[in-house]
1. Name every residue in segment 125-150 that is in contact (Cβ under 8 Å) with a residue 40 or more places away in the chain, within 21 Å of R201 (Cα to Cα) and not polar (S, T, N, Q), in order of residue number.
2. Kindly indicate whether R74 is over 15 Å from the mean Cα position of the chain (by Cα), of a type in the set (D, E, K, R), at pLDDT below 95 and at negative phi.
3. Which of the residues that make up segment 7-51 are of a type in the set (D, E, K, R) and on the phi > 0 side of the Ramachandran plot?
4. For segment 118-173, enumerate the residues that are at positive phi and under 21 Å from the mean Cα position of the chain (by Cα).
5. Can you name the number of the only condition in (1) hydrophobic (A, V, I, L, M, F, W, C); (2) surrounded by fewer than 15 Cβ atoms within 10 Å (Cβ to Cβ); (3) in contact (Cβ under 8 Å) with a residue 12 or more places away in the chain that V62 fails?
6. Kindly evaluate G31 against the criterion of being farther than 20 Å from G113 by Cβ and among the small types (G, A, S).
7. Within segment 9-32, which residues are in a strand (DSSP E or B) and either in contact with a strand residue (DSSP E or B) (Cβ under 7 Å, 6 or more places away or on another chain) or buried (at least 19 other Cβ atoms within 10 Å of the Cβ) (or both)?
Amino acid sequence: MRLNKYIALSTGLSRRAADDAIYRNRVTVNGGTPSVGQQIGDGDSVTLDGAAITPPVNTLTVILNKPVGYVCSREGQGNRTLYDLLPPELAILKPVGRLDKDSSGLILLTNDGALAQELTHPKYQKTKVYQVKLDKPLAPLHRQMIIDHGISLPDGVSKLQLDRTREGNDLAWNVTMHEGRNRQIRRTFSALGYEVTSLHRTVFGSYQLGNLASGEYRKI
């Protein structure tokens, strides 16, 4: 595999950060200076900052109940990140998809590239369910527009399934979708004059949050 992928799998760094480490001569392959696109074989020895690195043999995936206020990136740029909630040995895991800073709920982190591809590629259309609260009651006409025809957004039409929650009012809804465009739910309601005051993901594909407490994780 390419060197930057090897480094990313071994350390949790992004491939761009891995390329930067290579450019800065922080990486050696078999004791020498490698090229950025170098291929790594089974018998090669790779070090980063003088320490030997190797990709994990076993895959690992965890479910994390992300609290509001945390970002799903490694470099938080002053914000708290998912990795502040995980022990150091899980720092090699990468988030599958994203939840924005103001959203909470189920986020998967894994070192299984095949699983990440299956969950995020549009052709697989994995079901995602969110508990959403609005700043004012949703008008019946707007509900039908979202369900039946969808709402036109700059990146395409957004159709969502809306079901009432146990609260039984027009502020709280269970929202089901099969795609994952950036802030799609918030933008859909905003286009009709509503603000999403709370967005909490409970289901992603076959994975469910269950009774996992906010800020806690479990291995799967």
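The values are calculated or read from the model by the stated rules, or taken from the named source; none is laboratory data. Predicted model, so just to flag it, every value in this text is computed and none were measured. Don't worry about glycine lacking a Cβ; one is built from the backbone with ideal geometry, like all the others, and counts go over all protein chains shown.
1. K126, K128, V129, Y130, V132, K133, L134, D135, K136, L138, I146
2. no
3. D49 - this is the single residue of segment 7-51 that is of a type in the set (D, E, K, R) and on the phi > 0 side of the Ramachandran plot.
4. Passing the criteria: only Q125.
5. Failed condition: (2).
6. Against the criterion (farther than 20 Å from G113 by Cβ and among the small types (G, A, S)), G31 qualifies.
7. Scanning segment 9-32 gives V27, T28, V29.
Residue-by-condition table, conditions (1) in a helix (DSSP H, G or I); (2) surrounded by fewer than 18 Cβ atoms within 10 Å (Cβ to Cβ):
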| site | (1), (2) |
| --- | --- |
| Q144 | yes, yes |
| D148 | yes, yes |
| V157 | no, yes |
| D163 | no, yes |
| G168 | no, yes |
| T176 | no, yes |
| T188 | yes, no |
